[in-house]
């Protein structure tokens, strides 16, 4: 138990010495409160409770004021009453010379003392003037100041006056941070009134808050005092550690409750335990006791769903935390009798409702696991197995260190919790893992994709690839011509050596600078081997290690960042040239066309067309390569970034390749369209051909591969990057 002082600190008394000389009759002392309120203290004759006040004899500076007056213990012919008036000044920069109060008969004019005083000095002055009427005077002033709770300066002044007049009537010994945003209080005080009331929270910036209090008996506190437990609704305006005390109006006036020097500040996970210990012995209104029970039944870091005495069980399969896109949660909820009212994803005071929009999936394995359980066996008569769920949610507080958990609220107001350990990963990897975990035949799969996977990918923040290391295995900077940037993606390491051999036997590419880009892991594994190949073939090779690269396009972007040239040739490592002279044709054509991007024909190993210009229906795909070889240079909507020659700054100024796509086809199409719309003319050069396979399916099966393409196409459409419906036919004629 925390130590308890014997009593509150002494308050100001009538015998306290004032901060300065008391004002004589006809003189007043001013105390500025904030920028627009002035407390005026003086003596004189009887004065009404409200009057018009004029500052500095300025007829424009007239404002109503409230006045508290009292009869002096030792009156004189010129001063029978003391008074404290609150009036508006309109400006913080004013000097105060005179104040005149209108009253019946004749106005009374006063001259200000030369120096204004602080609120603490004003409290001392009031103690000298008020004598045994100090408490009533301060309470009346506090009523006036707190009547405008939006002004923290007025609240601060009221707190200072109340503390000076009354001291502390007890202590707050424990402050706890609740999961629902409230602050849990525990301590003891005199004049405690169980129930709901408004209080002023004393701190760096005082504020008015609602406080729910319950009282209980304790043996280690002063006689006549009561222990209390309460909840303070602050809406995050102040943390428990920033609270210095509370001020409230008790049965017999304003009271101040200080925070003990040896206070205990509990974190969100510990607060529930303290609330549970207090609520068992506390008494208050039913509504407040219910709120305290809710605080006691808050998340404390443990799983409580499995201990519910109801047929409700839950399991979580995966929780992915994605930068910029929140969370992707999947699992199952078995609730055959509909006891669960809501399911929320929570982190401290932030929450997101999952059950209102989650996708429900067939999970017969969950049914099988609980068929023999007596509490569940009678609930499976309808044969339904839709126990699984997938949900994408975002929490407004961003990336906080507080624990993440699921909160189940039952229809009888009880709550149960499931702690979560999110896996931080890229949105693409989270989506692919989730897709693989779903049965492709589940009829709810399209809904899950549209409502959760696609929004996750669209909202995700892309992490741009970085250049980790650069090693030149040859005279790269001295080589002539635009550099060729080659990406070495997954499964392409064995094909790099033959590609380098083909480049070495072509006289044009043998002299060109070549940047070979691979992930950091492959770089460290292959750097020595690639260096030997560069030396053997006498190539001007630069080896680039790329970080945060998800696919071949990210590797190409990292390679572009490792260059300084104005023009570059991008080449996916899965492609090989069909004939010599391709480099000269691409570079020469691009040099003749300002701000252009030129791509060749892409074909499969069987010489069927894979890419031959960007057309809405991809009309030449599958044709023999000979069917398009004779076409002339043709404008297209977007170039193919698998192989092209382009200005290097065009890619960088466009922000690189977009994130969120599961595959590479529409990811490249996205950037190609953005470049075209940014003013870079795109062309297809049919007379140059590259051979190679298409990208491997990200899902591993043809059905999942089709699903991945469908998702990417929806993302492309959402981003407004879909190809136009019009068509431009290529011109047939002599080769370019």
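Structure notes:
- Restricting 538, 612 to residues that are farther than 21 Å from residue 516 by Cβ and over 39 Å from the mean Cα position of the chain (by Cα) narrows the list to 612.
- Residue pairs whose Cβ atoms lie under 7 Å apart, sitting 6 or more positions apart in sequence or on different chains, and linking a residue in segment 645-661 that is closer than 12 Å to residue 561 by Cβ to a partner that is assigned to a loop (DSSP other than H, G, I, E, B), are 648/563; 648/565; 648/566; 656/464.
- So residue 607, is it touching a residue at least 12 places away in the same chain (Cβ under 8 Å) and surrounded by fewer than 18 Cβ atoms within 10 Å (Cβ to Cβ): yes
- Taking strands (runs of 3 or more DSSP E) as the structural unit, those lying wholly within segment 391-481 and holding at least 2 residues that are in the same structural domain as residue 350 (by TED's automatic domain parsing) correspond to 404-410, 415-420.
- From 324, 357, 388, residue being crowded, with 21+ Cβ neighbours inside 10 Å and in the same structural domain as residue 425 (by TED's automatic domain parsing): 388
Per-residue answers, yes or no, for (1) touching a helix residue (DSSP H, G or I) at 6+ places or on another chain (Cβ under 8 Å); (2) at pLDDT 90 or above; (3) closer than 19 Å to residue 451 by Cα:
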| position | (1), (2), (3) |
| --- | --- |
| 320 | yes, yes, yes |
| 340 | no, yes, no |
| 343 | no, yes, yes |
| 358 | yes, yes, yes |
| 361 | yes, yes, yes |
| 372 | no, no, no |
| 391 | yes, yes, yes |
| 399 | no, no, no |
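Rundown of residues vs (1) surrounded by 18 or more Cβ atoms within 10 Å (Cβ to Cβ); (2) in contact with a strand residue (DSSP E or B) (Cβ under 9 Å, 6 or more places away or on another chain), yes/no style:
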residue: 475; (1), (2): no, yes
residue: 481; (1), (2): no, yes
residue: 485; (1), (2): yes, yes
residue: 495; (1), (2): no, yes
residue: 507; (1), (2): no, no
residue: 516; (1), (2): yes, yes
residue: 520; (1), (2): no, yes
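- In this entry, residue 563 passes the filter for residues that are surrounded by 15 or more Cβ atoms within 10 Å (Cβ to Cβ) and in a loop (DSSP other than H, G, I, E, B).
- Annotation note: of 249, 205, the sole residue that is in the same structural domain as residue 266 (by TED's automatic domain parsing), within 26 Å of residue 350 (Cβ to Cβ) and out of contact with any strand residue (DSSP E or B) (no Cβ under 7 Å at 6 or more places or on another chain) is 205.
- Of 138, 67, all but one fail to be within 21 Å of residue 34 (Cβ to Cβ) and touching a helix residue (DSSP H, G or I) at 6+ places or on another chain (Cβ under 7 Å); the exception is 138.
- Residue match in segment 78-88 (condition: farther than 16 Å from residue 30 by Cβ, buried (at least 18 other Cβ atoms within 10 Å of the Cβ) and in contact (Cβ under 8 Å) with a residue 24 or more places away in the chain): yes
- Take the conditions (1) touching a helix residue (DSSP H, G or I) at 6+ places or on another chain (Cβ under 6 Å); (2) modelled with pLDDT under 90; (3) assigned to a helix (DSSP H, G or I); residue 697 misses just one of them, which is (3).
- Test: residue in segment 258-265 that is over 30 Å from residue 338 (Cβ atoms), touching a helix residue (DSSP H, G or I) at 6+ places or on another chain (Cβ under 7 Å) and surrounded by fewer than 20 Cβ atoms within 10 Å (Cβ to Cβ): yes
The values are calculated or read from the model by the stated rules, or taken from the named source; none is laboratory data. This structure is a prediction, so every number in the text was calculated from the model and none was measured. Cβ sites come from the backbone with ideal geometry, for glycine too, and all protein chains shown count toward neighbours.
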